[in-house]
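Since the structure comes first, as structure tokens, the remarks are kept for the end.
The values are calculated or read from the model by the stated rules, or taken from the named source; none is laboratory data. Bear in mind that the values here come from a model prediction, so they are computed numbers and not experimental data. All Cβ positions, glycine included, derive from the backbone under ideal geometry; neighbour counts span all protein chains shown. The protein model used for the area step is the full one, side chains on, heavy atoms only, and it has no ligands, DNA or RNA in it. Shrake-Rupley method; radii C 1.70, N 1.55, O 1.52, S 1.80 Å.
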Amino acid sequence: MSSESPRRPGWRGSRRPVGAGRGTRGGGLPHPGRQPELRVYQPGRRHMELIPSVSRSSGLDKDGDALRDPKVQEEYRAFIQTKVDDYWKRYPCRNVPGRGSGDRGPGPGAERHRKEMEENLLILFRKLREGLLSAQRTDAFALEVYETSLHLSVLFRSPVQTTSTLSHLFPAFYVPDAHPNPRPSASSSTTHVPHAPSHPPPASESTPHTALLSTLILLLHHLVSSYPSQLAFHTQLRQLHPGLQQLLRAPRPPSRTPSTPAASAGAGSATSSPHARHEPPSPPAEGGRHWHASASAHAWLADLARCLRRRNYARLHALAQRSAFERFVGADPEFESESTPSAALAARAAGRPANLALEAIGTLVESLVERARATAWSVLRTAYREVNLRATPIGAPSGETTAAWLARSLVLSSSFIDVRPAEGGSAPVEAVETWLEGRREKGEARRKEGEGMEGRWILVKA
């Protein structure tokens, strides 16, 4: 008679019973409060979540080269889209009217879950990009994958993924006659666009209509990532292919939103006193119209960089308005088709943005404004000890308040801060006080206490 104890059914040597593993107890019972993941193999069905990336598998694993197959790439793109749609349903785009913020809550758990979903989406797109690059696919499908990956990386604020995607988009997809040098690594801080031949042909019908939007994202990305330095931005601008330069300098339709005196008034920098006399609006640009009614994308970018360089944050307030750059996207035929009522309603119902490129450009402009705002706030805290938001500066026009001046100097645009004034209140005062409340939590400002001290704030020295 053997001295070994009889084995329990379902055991093989020292292996765990079937179903036991992470998230389960002995005997295959699920852990309380956690649902076990059951993946049943189905013949003929491809398991997209289990497909390895080309770079990790090196073709040695099973299906290691699957993402090099064009059919599998298209199936994998459809699989990623279901994940993207689920993300927008859970976390609707903030610029979709009539939608809240989904289940995004103030707690760290909800924010952590949102970041995990964003990182997983970017990983899936990176795996697909590796397959496209390995297969040397450069057709319309590959262009859509690269551009969607670029837009989402900007929206999810992942500069590493943005730099990696840009290095493959330029110039291969937008300059057919260019012969790029070896691409830089994804960790490079500057996305190099190689010099084109000395006399290349201008932009033609073969140039994708999305080239202008991606070029804007490329240049804005360098402005944001290297702020306050603009060396990378100007270097990249000079190295652009002449065909892309032509797209940037081409005139665009005027904005639907007319120039307002408030946008151009108070064009002084943050260091100028609120009691100083206001200068008249800046002179019109080309053709007797203001900058945002006639300027090209190149002129808008140059003006944006100039305001940052000169710390003209009041004028930056007008340049950062969505109406200043949305006309560049409005010239896109795809954007026009997505702007139809039926397409807009479908996007609104799904919680996703009607145009990812527009939202990506807006996100980069907002990031640039946040950096400029931090610089302006440091200057204000050094220059002023106390501010009265409801006071009228000496020599200012009737109805002008210190709050309005601060809103322009800090670029507190209504595009970025959704504040509805209370009954009898003022929008600039409410916007500035809302922003100062956030500074109070960081110990950078505090309300002045006492009777009749409404609207007065003490600024803590930087």
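Give me a count of the residues in region 52-69 that are modelled with pLDDT under 80 and either open to solvent by 30 Å² or more (accessible area, probe 1.4 Å) or of a type outside the set (Ser, Thr, Tyr) (or both). Give the derivation first.
In the first step, residues of region 52-69 are kept if they are modelled with pLDDT under 80; the result is 52, 55-64.
Restricting the remaining residues to those that are either open to solvent by 30 Å² or more (accessible area, probe 1.4 Å) or of a type outside the set (Ser, Thr, Tyr) (or both) gives 52, 55-56, 58-64.
Within region 52-69, residues that are modelled with pLDDT under 80 and either open to solvent by 30 Å² or more (accessible area, probe 1.4 Å) or of a type outside the set (Ser, Thr, Tyr) (or both) number 10.
Taking residues in region 161-179 that are over 15 Å from Pro208 (Cα atoms) and at pLDDT below 90, and partners anywhere that are open to solvent by 10 Å² or more (accessible area, probe 1.4 Å) and outside any loop (DSSP other than H, G, I, E, B), not one pair has Cβ atoms closer than 9 Å while being at least 6 places apart or on different chains.
Among the residues of region 70-123 satisfying the criterion of being hydroxyl-bearing (Ser, Thr, Tyr) and at pLDDT 90 or above, which is nearest to His151 (Cα to Cα)?
Of all residues in region 70-123, those hydroxyl-bearing (Ser, Thr, Tyr) come to 76, 82, 87, 91, 101.
Checking which are at pLDDT 90 or above leaves us with 76, 82, 87, 91.
On the way: Tyr76: 18, Thr82: 17, Tyr87: 15, Tyr91: 16 Å.
Result: Tyr87.
Considering the conditions (1) modelled with pLDDT under 60; (2) not in a helix (DSSP H, G or I), Ala293 is excluded by exactly one of them, (2). Scanning region 365-398 for residues that are among the β-branched types (Val, Ile, Thr) and open to solvent by less than 40 Å² (accessible area, probe 1.4 Å) yields Val365, Val369, Thr375, Val379, Val387.
Selection within region 333-364: residues that are at pLDDT 65 or above and β-branched (Val, Ile, Thr). The member of this set that is surrounded by the most Cβ atoms within 10 Å (Cβ to Cβ) is Ile361. Residues in region 108-149 that are open to solvent by less than 40 Å² (accessible area, probe 1.4 Å) and outside any helix (DSSP H, G or I): 1 in all.
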